Amino acid sequence: MKIAFFDTKPYDKPSFERYGRERGITFKFYETKLTEDTAALAKGCDGVCVFVNDTVNAPVIDRLLEEGVRLIALRCAGYNNVDLRYTKDKLPVFRVPAYSPYAVAEHAIAMLLTSIRRIHKAYIRTRDFNFSLNNFTGFDLHGKTVGVIGTGKIGCCFIDICKGFGMKVLAYDKYPKELPEVTYTDLDALLSQSDIISLHCPLTRETDHLIDDNAIRKMKAKAMIINTSRGALIDAEALLKAIKERRIGGACLDVYEEESEFFFEDFSGHIVADDTLARLISMPNVIVTSHQAFLTEEALDNIADTTVSNIADHLQKGTRENEVTLF
Ligand code: NAI
């Protein structure tokens, strides 16, 4: 079994090589992303293994089929970058539904604490032997209200952590469930009552720009927003405008609408052409990490294990566990 592995990073290889060896899969690692121009690299491969910013649209899918590809294995949970209407009845698409919800939930909290307790600024100050505390006043999480949008695997881990801090939890989900000490509300109530809002729902047509100018205007003036889900859940320009007009407390962003051009790559020393991203990063109350929330040893191991099983089980036994299908 031969698989073309796109958008390879050094941290991907060890676990995929190890699990691949065990199941008889050879990976051809390419640093380039999968696009219309690079799809031909999959020639002679049984499948492709792709990540969040690879393009899997109709022309790419047609090209992969021409090259003899028989499956698409996403090494992530989200699949908004795949045209599922087009793959239907042509190519099975597999994903890793859960690899470490803890990794993402813990990163969301890490960003929040970093921001509100100014840890990132204190680190730089003390390295310069500047022990002043001026402008470092934060606030307690205890007793604050957190609004969680999307109470799936990651949202629930995030809620558990928030409860540990003694926070009140409001939640909004298209499919609410019974959760102890969690009050489900409609979106407007969550937006207007929460001190901290964290996004944990998938990106769909319905949730695209869920947080737009209108939504931001409903939030408390000091509200913090955390997005570790998908960039386009937030209208980045509307967020920047709100930050500039001091209508919001701050933002912790692990994902960004137009991230595919920049995230995961080193642009230090370059002039970043995206003014919205550059301006957001320059704000004292905005923290940006580059889609890093998943990056723990445990998550990488689980991703490789499940992806390799998805590929091997399908190619050898025709099984379709973890296949992504349209509702
Ligand atoms: P999940 O499928 O377990 O939970 C998603 C929840 O969102 C479900 O409860 C669902 O009912 C809810 N939902 C669906 N449509 C909704 C809508 N229109 N409005 C409100 N709620 C809605 O997914 P999981 O594993 O918790 O992941 C959540 C998201 O986190 C993924 O879709 C992915 O985009 C993102 N993610 C980000 C990572 C990172 O490294 N930053 C890593 C892994 C996932």
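Scanning segment 95-117 for residues that are within 11 Å of the ligand (Cβ to nearest atom) and of a type in the set (S, T, N, Q) yields a single hit, SER100.
Per-residue answers, yes or no, for (1) in contact with a strand residue (DSSP E or B) (Cβ under 6 Å, 6 or more places away or on another chain); (2) small (Gly, Ala, Ser); (3) closer than 25 Å to ILE154 by Cα; (4) in the same structural domain as HIS120 (by TED's automatic domain parsing):
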{"site": "LEU210", "(1), (2), (3), (4)": "no, no, yes, yes"}
{"site": "ILE216", "(1), (2), (3), (4)": "no, no, yes, yes"}
{"site": "ASN227", "(1), (2), (3), (4)": "yes, no, yes, yes"}
{"site": "LYS241", "(1), (2), (3), (4)": "no, no, no, yes"}
{"site": "LYS244", "(1), (2), (3), (4)": "no, no, no, yes"}
{"site": "CYS252", "(1), (2), (3), (4)": "yes, no, yes, yes"}
{"site": "GLU258", "(1), (2), (3), (4)": "no, no, yes, yes"}
{"site": "ALA273", "(1), (2), (3), (4)": "no, yes, no, yes"}
{"site": "ILE303", "(1), (2), (3), (4)": "no, no, yes, no"}
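What residue, of SER192, SER229, is part of a loop (DSSP other than H, G, I, E, B) and of a type outside the set (Val, Ile, Thr)?
Numbers: SER192 fails: part of a loop (DSSP other than H, G, I, E, B).
Answer to the selection: SER229.
Against the definition (within 11 Å of the ligand (Cβ to nearest atom), in contact (Cβ under 8 Å) with a residue 12 or more places away in the chain and either under 18 Å from the mean Cα position of the chain (by Cα) or in a loop (DSSP other than H, G, I, E, B) (or both)), how does GLY166 come out, yes or no? No; evaluated as a whole, the condition is false for this residue. When each of LYS220, LYS177 is tested for being assigned to a loop (DSSP other than H, G, I, E, B) and either surrounded by 17 or more Cβ atoms within 10 Å (Cβ to Cβ) or of a type in the set (Phe, Trp, Tyr) (or both), the lone residue that passes is LYS220. Scanning segment 72-92 for residues that are more than 11 Å from ILE61 (Cα to Cα) and within 19 Å of the chain's Cα centre (by Cα) turns up ALA73, LEU74, ARG75, CYS76, ALA77, GLY78, TYR79, ASN80, ASN81.
Take THR325 and tell me if it is within 16 Å of the ligand (Cβ to nearest atom), open to solvent by 80 Å² or more (accessible area, probe 1.4 Å) and within 21 Å of the chain's Cα centre (by Cα). First the steps, then the outcome.
Details: within 16 Å of the ligand (Cβ to nearest atom): yes; open to solvent by 80 Å² or more (accessible area, probe 1.4 Å): yes; within 21 Å of the chain's Cα centre (by Cα): yes.
Here the answer is yes, as THR325 does meet what is asked.
Selection of segment 233-253 for residues being acidic (Asp, Glu) and within 20 Å of the chain's Cα centre (by Cα) yields ASP235, GLU237.
Residue count for segment 290-305, restricted to those that are away from the ligand (no atom under 13 Å from the Cβ) and either crowded, with 20+ Cβ neighbours inside 10 Å or at positive phi (or both): 1.
Quick one: how many residues across segment 136-157 are within 16 Å of the ligand (Cβ to nearest atom), in contact with a strand residue (DSSP E or B) (Cβ under 6 Å, 6 or more places away or on another chain) and not small (Gly, Ala, Ser)? Spell out how you get there, then give the answer.
Filtering segment 136-157 for residues within 16 Å of the ligand (Cβ to nearest atom) gives 146-157.
Restricting the remaining residues to those that are in contact with a strand residue (DSSP E or B) (Cβ under 6 Å, 6 or more places away or on another chain) gives 146-149, 151, 155.
Going one step further and asking which of them are not small (Gly, Ala, Ser), we end up with 146, 148-149, 151.
Final tally of qualifying residues: 4.
Restricting segment 15-66 to residues that are away from the ligand (no atom under 16 Å from the Cβ), of a type in the set (A, V, I, L, M) and in a loop (DSSP other than H, G, I, E, B), the residue that is farthest from ALA77 (Cα to Cα) is ILE25.
Got at least one residue in segment 86-107 being of a type in the set (Phe, Trp, Tyr), in contact (Cβ under 8 Å) with a residue 24 or more places away in the chain and open to solvent by 60 Å² or more (accessible area, probe 1.4 Å)? Among the residues of segment 86-107, at least one is of a type in the set (Phe, Trp, Tyr), in contact (Cβ under 8 Å) with a residue 24 or more places away in the chain and open to solvent by 60 Å² or more (accessible area, probe 1.4 Å), which makes the answer yes.
There is at least one residue in segment 121-131 that is closer than 22 Å to HIS291 by Cα and of a type in the set (D, E, K, R). Taking each residue of segment 260-277 that is aliphatic (A, V, I, L, M) and looking for partners that are open to solvent by less than 70 Å² (accessible area, probe 1.4 Å) with beta-carbon atoms closer than 7 Å, six or more apart or interchain, yields VAL272/PHE262; VAL272/ALA278; LEU277/TYR256; LEU277/PHE262. For segment 236-249, residues that are surrounded by 21 or more Cβ atoms within 10 Å (Cβ to Cβ) and either in contact with a Cys (Cβ under 9 Å, 6 or more places away or on another chain) or not in a helix (DSSP H, G or I) (or both) total 1.
Answer yes or no: is there a residue in segment 12-34 that is open to solvent by 60 Å² or more (accessible area, probe 1.4 Å) and aromatic (Phe, Trp, Tyr). Among the residues of segment 12-34, not one is open to solvent by 60 Å² or more (accessible area, probe 1.4 Å) and aromatic (Phe, Trp, Tyr), which makes the answer no.
The values are calculated or read from the model by the stated rules, or taken from the named source; none is laboratory data. Treat the numbers as computed from the prediction; the structure is a model and nothing was measured. Don't worry about glycine lacking a Cβ; one is built from the backbone with ideal geometry, like all the others, and counts go over all protein chains shown. Keep in mind that these areas ignore ligands, DNA and RNA; they rest on the heavy atoms of the full protein, side chains included. Shrake-Rupley method; radii C 1.70, N 1.55, O 1.52, S 1.80 Å.
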